[in-house]
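One structure below.
Where a number appears in this text, it was derived from the coordinates with a stated rule and is not lab data. The structure displayed is predicted, hence computed values, not measured ones. In this analysis, Cβ positions are derived from the backbone assuming ideal geometry, glycine residues included, and neighbour counts consider all displayed protein chains.
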């Protein structure tokens, strides 16, 4: 017989078994519901349809245009210390920040192969690619990698250091060319997409807005009309595409403003209109042809605007008229304020310069000027920017090869000799302008200086100047003999070891 204690033990065990079975059935039933029932889905959130549509739209644009953006890598022989970090190989990055990042510690100066990273945009099905001049400047070898990972060797068709635009070509057909957009229609606040290869990460897409348009005097190039954007641009993005919300190319990403070396919300792109004009000029003529009036102009301060009776501070004040230039022949005078060009308001001197550069040679432009506080119309026939005014001697690839880059000169006439207070026997060419940030400016060359010799070769006229300048090699210092307000002095311009 079972004792009382044994009976209680059996009853307790039976209860535990029953409770366990019940719990198991409950858990099993719940698992069955989860396994066999419908999956739980998020309920639609009210008012998000437009955001989902925008997200899909951005993804569709990126999918459509990224195949047109290529990765560009170059190699060139340079002197200096090797770079350890590939993340700072973007040539524009080095131009802004030097070689302070990623330097090797070997010491000494030597020749070595330097690799650089950049981007480009396919603009024709037969292999033409637009990029920045500084991406391919001086490159010995250029390699282009397409979206399908295929690789091609590229050659430089032509390049323009003054706008920082270059055109390269690969041997390929049926490529996905990007459509050009109208950069003149861009407005601050409009959404844009930047596509490129930052730090070598091909086809990276970032989105932002147009922060400003018409940015000039940034100090990046001679001809500046930049689009400013907050779409993230980093080293390696140079030469990539800035795209509008119609999937059109509206700019070539060129530079960043940064105190740290990375993205800080300010990037600059060459507008598509300027890039396309440079490209088409190179394809048609083999060089960049720019319109020219033959005037030196400056911006109007509020005080000058009041003095010359100009409304606001818009317009360009004529400070000099080149002898025998289209402007002189048309009757433009020093002190004229050019306020309109073909009916369009002239914002400042940079705007006038860019607008005239884009005009067809031989055509007439209608200028509205203020002279002696009265408005009048002046028609000027557009000429070609003379080589001596171009400010740089260029090689086959268009890279600057002269320490005289950024200098504009003209003939020393008897009239100028008197104005400059020089002796009648002085010969040479007069410095008309010196670009900001150029080697010549750093050396102290100034407007009004008379260059009498280059590397001890006598300079009597512009022809002599061009002949001597054309013999200069890249990175070669140049020795000038100058006459400055009657005083003769020597000046050395160029890089020093």
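Sort out for me the Cα centre separation of the stretch 273-318 from the stretch 173-252, rounded to whole Å.
23 Å
According to the Kirkwood expression over distinct Cα-Cα pairs, how big is the hydrodynamic radius of the stretch 291-384, in Å?
Details: mean 1/r = 0.0783 Å⁻¹.
Kirkwood hydrodynamic radius for the stretch 291-384: 12.8 Å.
If packing is taken as the mean number of other Cβ atoms within 10 Å per residue, what is the order of 329-340, 186-197, highest first? Mind showing how you got there, number by number?
On the way: 329-340: 18.2, 186-197: 20.2.
The peptides rank, most packed first, as 186-197, 329-340.
If each residue's Cβ is checked for other Cβ atoms within 10 Å, how do 273, 419 rank with the fewest at the top?
On the way: 273 18, 419 11.
By the 10 Å Cβ count, ascending, the order reads 419, 273.
State whether the stretch 391-493 is rounded, prolate or oblate according to the following rule on the C-alpha gyration tensor (a ≥ b ≥ c being the square roots of its eigenvalues): a/c under 1.5 gives rounded; otherwise a/b larger than b/c gives prolate, and the remaining case gives oblate. Before the final figure, lay out the partial values.
Working: a/c = 1.87, a/b = 1.68, b/c = 1.11.
Prolate, because a/c is 1.5 or more and a/b exceeds b/c.
When ranked by the protection proxy of mean other Cβ atoms within 10 Å per residue, highest first, what sequence do the peptides 408-416, 449-457, 360-368, 64-72 form?
Numbers: 408-416: 17.1, 449-457: 18.7, 360-368: 14.8, 64-72: 23.0.
The densest-packed peptide leads the list: 64-72, 449-457, 408-416, 360-368.
Where does each of 248, 63 land when they are ranked from fewest to most other beta-carbon atoms within 10 angstrom? Kindly include the intermediate steps, with their values, before the conclusion.
Details: 248 18, 63 11.
Exposure proxy ranking, most exposed first: 63, 248.
State the extension gain, in nm to one decimal, for the chain segment bounded by residue 246 and residue 366, taking 0.36 nm per residue of separation less the distance between their alpha-carbons.
Details: separation 120, 0.36 × 120 = 43.20 nm, distance 3.43 nm.
Using 0.36 nm per residue and subtracting the Cα-Cα distance, I get 39.8 nm.
Could you line up 124, 281, 116, 55 from fewest to most neighbouring Cβ atoms inside 10 Å?
Numbers: 124 14, 281 18, 116 27, 55 11.
Fewest-to-most ranking of 124, 281, 116, 55: 55, 124, 281, 116.
Which of rounded, prolate or oblate describes the stretch 183-285 when judged by the alpha-carbon gyration tensor and an a/c cut-off of 1.5?
Numbers: a/c = 1.32, a/b = 1.31, b/c = 1.01.
The shape class here is rounded.
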